[in-house]
Every structure is written in structure tokens, then in C-alpha cells.
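Bear in mind these aren't lab numbers, they're just calculated from the coordinates by the rules spelled out. Predicted model only: the values in this text are computed from it and were never measured. Backbone-built Cβ (ideal geometry, glycine too); neighbour counts: all protein chains shown.
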Amino acid sequence: MKALVVGGAGFIGSHLCERLVHDGHEVFCVDNFSLGNEGQVAGLMDETVSFQLREIDATDEKAMDGVFSSFKPDYVFHLAANSDIQASAKNPEVEYRNTYTTTFQILEAMRKYEVRKLFFSSTSAVYGDKRDEILDENTPNLSPISYYGAAKLGSEALISAFSYMNGISSLIFRFPNVIGPRLTHGVIHDFIKRLKEDDTQLKILGDGRQTKPYIFVTDLIDAIAQFMEVDSGVTLYNVGVEGVTSVTSIADIICEEMGLTDVKYNYTGGEGGWKGDVPRFQYCIDKIHNAGWSAKYSSDEAVRMTVRAVLEGGN
């Protein structure tokens, strides 16, 4: 098939592009390079027949029209978003533009050019701070507390309407923190950078007891490949892993992998690392397990493998 991957030069998108090309699909990758870059897909640049890369902002209606009219995709994989939640906390417009507006422009182009298959990367952040509830796909009263979660939930609403009105088959994954080779930001990146600058102490936001599931990027890509052919309408899955990892445990793993034995942890205090951060949640992944998929790696394993990849240069 002909696959359009929007945000394909980013962390997750680059891994998805690799998988799609490997599986024999023709891939057109567009990215505005706000977080992604050509280096993320450097290994595909020689695939001149099956892979193309263009610097395009998905909020640009004219540019997206050009892509859809010339490439004529069979399937759109929408991963364009601002994934740096702390950055958008200071500037909500980042989410409105890069996360919500991209979704509308992509869906409008799909409507105009009669493209009927969509994958959308959503997030556990749409649930909000519901730490005392088991979060499954039918959890009511979604109330995100970050601009990122709000823009993703709004995008889900747009996808629901466009799917119904235009006969689009949409697959939505809500997933937690995704990590692995070529990771560009986040707690693992931050801790390693700080310890390289000063290996005697480490600043840790919050109280260190924030616990979240971390999924390895290849596990997520396997799930996308397995479920991307769906019936008309919206198919929604929580995608996650067994277990969770605390922020202090991440610091411990990094220190172990760097061979550091006497690092003082300096906690800033408070339950969350920043405003909009959900310190812990209980994620139900029974639906996707019952459908025949489960992650190969636990949360702790994903963290350790990612630490090693970042220390080795991310390749």
C-alpha cells in the first residue's frame, strides 16, 4: 500500500517508517522538523523507490493538499504532535497548532481526497488525574489536566466525527511513555545529560515516587502493524506493558549503567514533576491482550534497554 506518515521523522514515526518499508509498503514521510529530523530516518534515505521525505508542516492546508493529490495515499498514519509536554505547559498554542490543528487538516485532506484508513497516536493523558480508578477504554468523564492531553482528546473527537461522516476506518492507540533508541527528550534523556555534567548529584523533579508504565518503541510498532486493518468507524485500544517504573528507579538504573555508585539525589518535592503531570495511574490493557497482542518487554526492561541505547549514542 501507499502509506503517508505525518510526523514520520520523529522518534516513534521514524521507527514506524522503518517497519512499513521493511514490510514492503511505499512510504511518504512528512515532518515539520520541530522535534524530528532527517537523521532519524537516515537509514531509509537510500530506499529511493519505497521512501520519500519532505519537510512539510501538517497545518499548511495547501501543502497537505499537494501531498494528497500527488502521492494518493491508501493509509494515513498521524503521529504529528508536540510530545514535549513540559514545553507546552509554558505555551499552550504549541498544542493547539502541532497537536489539534494538524489533526483537523489531516482529516480534512482525507475527506477531500477520499482516503479511508487512519491510525492516530493518542495518549493516556486524555484520562486526566484518575489515580484511584482502573483506566480502560470505556472510562467515563475524561478530564485531561495537561494541554497535551486536552489537544489529544479533542483530536479523538474530530476523528470520531470525520470517521462517521466519511466512512473512515480509524485505529486509535492510547499509550503511556514510549521509549527506545533515538529518543529525543524526556526523563531518561534529562537524567543522563545532568549526570554527564555532574556525576556527584542529580536533581529529580517531584518526590521520585511518580510511577508510570514505559513501553519500548518496537513493541508499540508491532501493535500498530498487527491492528492497522480495522473495520469502519473508530477502533480504540489502550496499549501498554506489564508493570510500572518509578522516577527514582529510573535514576537507579541510569546510575548502574553509567557505573556511578555515589550519586546524591536532590528531590524538588511534591507528587508531580510539573503542573499537568499525572504522578501515577492504573492502566487496563485487557482489551488488546484479549485481541492477541502483548508487549515483549516490561516497563523496567524498556527503561534499561533505552538507557543503554542513549548511552551508546541512540543507534
- Using a ≥ b ≥ c from the Cα gyration tensor of region 1-157 (square roots of the eigenvalues), is it rounded, prolate or oblate, where a/c under 1.5 gives rounded and otherwise the larger of a/b and b/c decides, a/b for prolate? prolate
- Item | Label-point separation in nm, Glu242 to Ala225, each point 7 Å along Cα→Cβ | 2.2
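For region 1-102, what's the relative contact order in percent, using C-alpha pairs closer than 8 Å and at least 6 residues apart?
Details: 168 pairs, mean separation 32.6, N = 102.
Reported relative contact order: 32 percent.
Got a sec? How would Phe33, Phe71, Phe162 order by Cβ neighbour count within 10 Å, fewest to most? Please report the intermediate quantities before stating the final value.
On the way: Phe33 13, Phe71 18, Phe162 21.
Fewest-to-most ranking of Phe33, Phe71, Phe162: Phe33, Phe71, Phe162.
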- Applying the gyration tensor rule to the Cα atoms of region 1-85 (axes a ≥ b ≥ c; rounded if a/c under 1.5, else prolate if a/b exceeds b/c, else oblate), the class is oblate
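Rounded to the nearest 20 debye, what is the charge dipole size of the chain about its Cα centre when +1 sits on each Lys and Arg Cβ and -1 on each Asp and Glu Cβ?
Working: 29 positive and 44 negative charges, 87 e Å.
That gives a dipole near 420 debye.
Taking a temperature of 20 °C and a viscosity of 1.002 mPa s, what whole-number D in µm²/s does Stokes-Einstein yield for the chain with Rh from Kirkwood over alpha carbon pairs?
Value of D from the Cα-based Kirkwood radius: 107 µm²/s.
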- Message: Quick check: net charge around Phe68, other residues with Cβ under 15 Å of its Cβ, Lys/Arg +1 and Asp/Glu -1?
- Response: 0
- Message: Going by Cα centres, region 187-206 and region 2-74 are how many Å apart?
- Response: 33
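Taking neighbour counts of Cβ atoms within 10 Å as a proxy for exposure, in what order, fewest first, do Met228, Met64 appear? Display every interim value, and only then the final one.
Details: Met228 18, Met64 24.
Placing the least packed residue first, the sequence is Met228, Met64.
Please report, in debye to the nearest 20, how large the charge dipole of region 236-315 is about its Cα centre when each Lys and Arg carries +1 at its beta carbon and each Asp and Glu carries -1 there.
Details: 7 positive and 11 negative charges, 51 e Å.
My answer is approximately 240 debye.
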- Message: Spelling out what I want: for every residue of region 17-22, take phi, set θ = phi - 60°, compute 6.51 cos²θ - 1.76 cosθ + 1.60 (Karplus), and round to whole Hz; glycine and proline get x.
- Response: 4, 4, 5, 5, 5, 4
- Space enclosed by the convex hull of the alpha-carbon atoms of region 224-295, per residue, Å³: 139
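Once every DSSP H run of n ≥ 4 in the chain is given -39500 (n - 2.57) and the sum is divided by its residues, what mean residue ellipticity at 222 nm do you get, rounded to the nearest 500 deg cm²/dmol?
Working: 10 runs with 112 residues, N = 315.
Value at 222 nm, helices only: -11000 deg cm²/dmol.
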- Message: Given the options Leu44, Ser69, Ile56, identify the residue whose Cα lies farthest towards the positive end of the charge dipole of region 31-78 (+1 on Cβ of Lys, Arg; -1 on Cβ of Asp, Glu).
- Response: Ser69
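Report the chymotrypsin sites (Phe, Trp or Tyr not before Pro) located in region 204-290 that are in a DSSP loop and have at most 14 other Cβ atoms inside 10 Å of their Cβ, or state none.
Working: sites: Tyr214, Phe216, Phe227, Tyr237, Tyr265, Tyr267, Trp274, Phe281, Tyr283; in loops: Trp274, Phe281.
Filter output for region 204-290: Trp274.
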- Note on the structure: Toy charge model, Lys and Arg Cβ at +1, Asp and Glu Cβ at -1: region 1-51 dipole around Cα centroid in debye, rounded to 20, equals 140
- How high is the relative contact order of region 48-190, in percent, counting Cα pairs under 8 Å that sit 6 or more residues apart? 26
- Message: Using only Cα atoms and rounding to the nearest 10 degrees, what angle (0 to 90) does helix 247-258 make with the longest principal axis of the chain?
- Response: 80
- Item | Distance in nm between pseudo-label sites at Met258 and His22 (7 Å out along the Cβ direction from Cα) | 3.0
- From the backbone phi of region 146-152, what are the Karplus-calculated ³J(HN,Hα) couplings (6.51 cos²θ - 1.76 cosθ + 1.60, θ = phi - 60°) in whole Hz, Gly and Pro given as x? 10, 4, 4, x, 5, 5, 5
- Ascending count of other beta-carbon atoms within 10 Å, so fewest first, for Phe120, Phe77: Phe120, Phe77
